[in-house]
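A.B. asks: Shown below is the structure under consideration.
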Amino acid sequence: MMISAIVRTAVASLRRDRAALALSFILPVVFFSIFAVIFGGRGGASPKVKLIVVDEDHSRASEQIVKGLQAETTLSIRTRPAAVKGVEQPEYTAASAEAAVKDGDVPLAVIVPKGFGENPISFGPRDPSRPSIQLLKDPSDMIASEMVTGLLQKVGMTSMPDVMAEQGTKNLERYAGALTKEQRERMDAGLKYLREHPDAGSTVMGGNGGQLIPVTARSVVGENHPDMISFYAAAIGVMFLLFTTSGAAGAMLDEAESGTLDRVLSSRVTMTSLMLGKMAFNSLLAFTQLVVMFLWGWAVFKLDFWAHIPGFIVMGVCTAVAVAAFGMLLASTCTTRAQLGALSTLIILVMSSIGGSMFPRFLMPEAMQKAGLLTINAWAIDGFTKIFWRDEPVSHLWPQVGVLLGIAVVLFAVARRLARRWEFA
Amino acid sequence: MPLRVASLVKRFGALTAVDGISLGLRSGECLGWLGPNGAGKSTLIRSIVGRVMPDSGSISVFGAPAGSTAARDVLGWIPQELALYARLTCSENLASFGRYHGLSGAALDQAVSRCLDWATLTDRAGELVKNLSGGMKRRLNMAAGMIHAPKLVLMDEPTVGVDPQSRNNIFEMIEKLRDEGMSIIYTTHYMEEAERLCDRIAIVDHGKVIALGTDAELVANAFGTRSQVIARFAAADDRVASWVAERGGRLVDGAAEFTVERPSEIAGLLDGASKAGFELIDVALHRPNLESVFLHLTGRALRE
């Protein structure tokens, strides 16, 4: 009896608390859907690894490798940049492919060097003078390079049987034949190597992880950074900045409710100057939060903070201003603190999941990656990654700076328009 | 003239909160707006400070239109709500509102200490607002409205929810302002406050000024030289109502209200009631006051 009375009261209360209802039912469904799309590959939309392939060899073997890679459904191969104004661009070179990886256009580039076709298969000990396939990688995508290395071996086994046979014959002539004195010496040398390097079975096979196709992988960005601390500092930082500024902007709601806002607006302070003041404070708060976060990253996780101060300031200020404007918009949209709490939680968690604060965007399906561009998180994280991961100059930040400041201006303008309801009754 | 309101109308949907009010405030005068909750007093005040846009009519504050910077600079507003920053101290609150009015440096410091002194909060200057008693918060709320030394003060029920002791402190603060020649608008639904503090009183009901004058003028206009007799019956039924009406009285909230020129007329009323067979439980002779005037004009008690 008493239990049912308590349940009835709680149900009646919940029914009238729209904010709690939204958090209870809408947020989990939205969140579930987002992660289902990211991980579940809804409608066959699982992410393809973007890859640039440069064939400098133009041999039969290299063409077979390129064709084999192109046949892989998990790869999205590019051999030339996208056409500019309908004009087809020249094919990638090793240099332009490396630049593309550095810029973050693709996580990987495969360069088939000149002379590769003469000895495409590697059965014996590694011969440094033999050209091997170059795998230029952005190590922030840890999965892509391992996957492509494996696929190159698969392509070697399945797409080029004739080359395999030819190479096998070469190797037979090289290692077998009559066991002349010379052959004996070579065999002995091989055995001696194995004995001296008990863990070098793979090295003997290909010199590069037991690979038939010799592949040399090289990180072209982030080589000075032990791990991806900067990525996580930015990713997590932006999400919490959004929460902080939304909460701080909610002070407007408290002031409206207490009558303080009325009193302030009856002084010389106008609504625009009041909102600009709040926005300035919230931006400062957000920037300080970023500074604390990155300093902690430097002190505890060896984040290379001091070498990137100018870029950090530019990105920090733009991100802080954008999140502050976002907070102002949320506060002026809502009428109560409870509403603000629910709406901000809903929007910020959705933005953070799509925008890459919880899961790197490059691992998401293409459509999801594009959707991420609608979020502050994605632009902020991209900017910080450019500075701390790719060591790009500040001048390269113009797209992120432009978009974040644009977002700030638009959101603030809408917030100011909505705040007219507080101005006059 | 510090304040002139002409034909002011403000509607909120179907509700007409202010319905064609016109009045003026003389220099150095304390004008009371007396009326029940929902009479339109706060809407009128908020229109004067520029926080409500009237549908028609005009307001001028020392010749400047309401809401203009010139008007804001000379207006002090003490809202009904405790419009303070709870996490700031008393002096921080006053300094904040002072800055919003353009004060800075030594002028700001002087204004803060003047207001703390006026509100007798000097020894509490460093106390957080949230730790103050209800009466202290009220006094600080008043001080915040005076920080920029306005020439006209609008006080919107400044004693709401205050204990008698604190109310007395607030009265003393207002009387000090009056003595200094401040022009004041004072809204209240407490008759005693209006009687004690105000030079003239406007009785406001349903968005209209239904009477305006000094305390004595209002009583004289409503009752002349007559006194009020309030009689309560054991059963206030239709028979009683018609008997009361026959004798020029009326039944309000179960009590019969008559006016008499001389106290001796009470004997005739008592005799008549007895003959009609009505059981009287209480009879009182009143010198009419503002409450009586309000009841007389509206048929409702002031605090309904």
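The values are calculated or read from the model by the stated rules, or taken from the named source; none is laboratory data. This structure is a prediction, so every number in the text was calculated from the model and none was measured. All Cβ positions, glycine included, derive from the backbone under ideal geometry; neighbour counts span all protein chains shown.
A.B. asks: Scan B:ALA202, B:ALA144 and give me the residue that is buried (at least 22 other Cβ atoms within 10 Å of the Cβ) and more than 14 Å from chain A (Cβ to nearest Cβ). Break it down stepwise before answering.
C.D. replies: Working: B:ALA144 fails: more than 14 Å from chain A (Cβ to nearest Cβ).
From the options B:ALA202, B:ALA144, the qualifying one is B:ALA202.
A.B. asks: A:LEU303 versus (1) assigned to a helix (DSSP H, G or I); (2) away from chain B (no Cβ under 14 Å); (3) touching a Ser or Thr at 6+ places or on another chain (Cβ under 9 Å): which is the lone unmet condition?
C.D. replies: A:LEU303 satisfies every listed condition except (1).
A.B. asks: Same structure again: Would you check if there is a residue in segment B:13-33 being in contact with a Leu (Cβ under 6 Å, 6 or more places away or on another chain) and under 12 Å from B:SER58 (Cα atoms)?
C.D. replies: yes
A.B. asks: Could you run through segment B:12-52 and say how many residues are away from chain A (no Cβ under 14 Å), crowded, with 24+ Cβ neighbours inside 10 Å and part of a loop (DSSP other than H, G, I, E, B)?
C.D. replies: 2
A.B. asks: Let me ask something else. In segment B:86-99, which residue that is touching a residue at least 12 places away in the same chain (Cβ under 8 Å) and more than 13 Å from B:LEU121 (Cβ to Cβ) is farthest from the other protein chains (Cβ to nearest Cβ)?
C.D. replies: If we take residues in segment B:86-99 being touching a residue at least 12 places away in the same chain (Cβ under 8 Å) and more than 13 Å from B:LEU121 (Cβ to Cβ), then B:ALA95 is farthest from the other protein chains (Cβ to nearest Cβ).
A.B. asks: Which condition number does B:ALA83 fail, the rest of (1) touching a residue at least 60 places away in the same chain (Cβ under 8 Å); (2) more than 24 Å from B:VAL162 (Cβ to Cβ) being met?
C.D. replies: (2)
A.B. asks: Return the residues of segment A:327-353 that are among the β-branched types (Val, Ile, Thr) and surrounded by fewer than 23 Cβ atoms within 10 Å (Cβ to Cβ); say none if nothing qualifies.
C.D. replies: A:THR333, A:THR335, A:THR336, A:THR345, A:ILE347, A:VAL350
A.B. asks: Consider A:VAL221 against the criteria (1) more than 14 Å from chain B (Cβ to nearest Cβ); (2) under 30 Å from B:ARG46 (Cβ atoms): it satisfies all of them except one. Which criterion is unmet?
C.D. replies: The single condition A:VAL221 does not satisfy is (2).
A.B. asks: Among (1) over 30 Å from A:ALA19 (Cα atoms); (2) of a type outside the set (S, T, N, Q); (3) more than 22 Å from the chain's Cα centre (by Cα), where does A:PHE312 come up short?
C.D. replies: (3)
A.B. asks: Would you be able to say whether some residue in segment B:161-174 is surrounded by fewer than 18 Cβ atoms within 10 Å (Cβ to Cβ), among the hydrophobic types (A, V, I, L, M, F, W, C) and in contact with a Leu (Cβ under 9 Å, 6 or more places away or on another chain)?
C.D. replies: yes
A.B. asks: Within the group B:SER104, B:SER113, which residue is within 14 Å of chain A (Cβ to nearest Cβ), of a type in the set (Ser, Thr, Tyr) and without any contact (Cβ under 8 Å) to a residue 24 or more places away in the chain? Let's see the steps before the verdict.
C.D. replies: Details: B:SER113 fails: within 14 Å of chain A (Cβ to nearest Cβ).
It is B:SER104.
A.B. asks: Kindly list the number of the only condition in (1) at pLDDT below 95; (2) surrounded by 15 or more Cβ atoms within 10 Å (Cβ to Cβ); (3) over 26 Å from the mean Cα position of the chain (by Cα) that fails for B:ARG87.
C.D. replies: (2)
A.B. asks: Which one of these does B:TRP243 not meet: (1) more than 28 Å from B:GLY35 (Cβ to Cβ); (2) of a type in the set (A, V, I, L, M, F, W, C); (3) outside any helix (DSSP H, G or I)?
C.D. replies: (3)
One line per residue, one yes/no per condition, for (1) of a type outside the set (Phe, Trp, Tyr); (2) within 14 Å of chain B (Cβ to nearest Cβ); (3) under 12 Å from the mean Cα position of the chain (by Cα):
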position	(1), (2), (3)
A:LEU363	yes, no, yes
A:GLY372	yes, no, yes
A:PHE384	no, no, yes
A:GLU392	yes, no, no
A:VAL414	yes, no, no
A:LEU418	yes, no, no
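A.B. asks: Identify all residues within segment A:233-276 that are β-branched (Val, Ile, Thr) and within 10 Å of chain B (Cβ to nearest Cβ); write none if there are none. First the steps, then the outcome.
C.D. replies: We begin by selecting, within segment A:233-276, every residue β-branched (Val, Ile, Thr); these are A:236, A:238, A:244-245, A:260, A:264, A:269-270, A:272.
Of everything in segment A:233-276, those that are β-branched (Val, Ile, Thr) and within 10 Å of chain B (Cβ to nearest Cβ) turn out to be A:THR260, A:VAL264, A:VAL269, A:THR270.
A.B. asks: Would you mind telling me which numbered condition in (1) within 19 Å of B:HIS189 (Cα to Cα); (2) in a helix (DSSP H, G or I) B:VAL209 fails?
C.D. replies: Going through (1) within 19 Å of B:HIS189 (Cα to Cα); (2) in a helix (DSSP H, G or I) one by one, B:VAL209 breaks only (2).
A.B. asks: Right, next: Please work out if B:LEU132 is within 14 Å of another protein chain (Cβ to nearest Cβ) and touching a Leu at 6+ places or on another chain (Cβ under 8 Å). Walk me through how you get there before you give the answer.
C.D. replies: On the way: within 14 Å of another protein chain (Cβ to nearest Cβ): no; touching a Leu at 6+ places or on another chain (Cβ under 8 Å): yes.
Answer is no for this residue.
A.B. asks: So, restricting to helices (runs of 4 or more DSSP H) that lie completely within segment A:59-161, which ones have at least 1 residues that are acidic (Asp, Glu) and closer than 29 Å to A:PHE359 by Cβ?
C.D. replies: Numbers: elements: A:60-71, A:94-102, A:142-159.
Once the helices (runs of 4 or more DSSP H) in segment A:59-161 are filtered for at least 1 residues that are acidic (Asp, Glu) and closer than 29 Å to A:PHE359 by Cβ, what remains is A:94-102, A:142-159.
A.B. asks: Specify the residue that is nearest to A:PHE388 (Cα to Cα); the eligible residues are those in segment A:283-309 that are of a type in the set (Val, Ile, Thr) and at pLDDT 90 or above. Before the answer, list the steps.
C.D. replies: Filtering segment A:283-309 for residues of a type in the set (Val, Ile, Thr) gives A:288, A:291-292, A:300, A:309.
Of the ones still in play, those that are also at pLDDT 90 or above are A:288, A:291-292, A:309.
Numbers: A:THR288: 18, A:VAL291: 14, A:VAL292: 16, A:ILE309: 10 Å.
Top of the filtered list is A:ILE309.
A.B. asks: Only one of (1) within 14 Å of another protein chain (Cβ to nearest Cβ); (2) of a type in the set (A, V, I, L, M, F, W, C); (3) within 32 Å of the chain's Cα centre (by Cα) is not met by A:MET279, so which one is it?
C.D. replies: So the condition that A:MET279 fails would be (1).
A.B. asks: Could you check, for segment B:15-37, whether at least one of its residues is among the aliphatic types (A, V, I, L, M), out of contact with any Phe, Trp or Tyr (no Cβ under 8 Å at 6 or more places or on another chain), free of Cβ contacts under 8 Å to residues at least 12 places away in the same chain and within 25 Å of B:LEU177 (Cβ to Cβ)? So that I can check it myself, show each step before the final result.
C.D. replies: Quick first cut of segment B:15-37, residues among the aliphatic types (A, V, I, L, M) only: B:15, B:17-18, B:21, B:23, B:25, B:31, B:34.
If we keep only those that are out of contact with any Phe, Trp or Tyr (no Cβ under 8 Å at 6 or more places or on another chain) as well, we get B:15, B:17-18, B:21, B:23, B:25.
Now drop any that are not free of Cβ contacts under 8 Å to residues at least 12 places away in the same chain, which leaves B:15.
Now restrict to residues that are within 25 Å of B:LEU177 (Cβ to Cβ): none.
Looking for residues that are among the aliphatic types (A, V, I, L, M), out of contact with any Phe, Trp or Tyr (no Cβ under 8 Å at 6 or more places or on another chain), free of Cβ contacts under 8 Å to residues at least 12 places away in the same chain and within 25 Å of B:LEU177 (Cβ to Cβ), one finds none in segment B:15-37, hence no.
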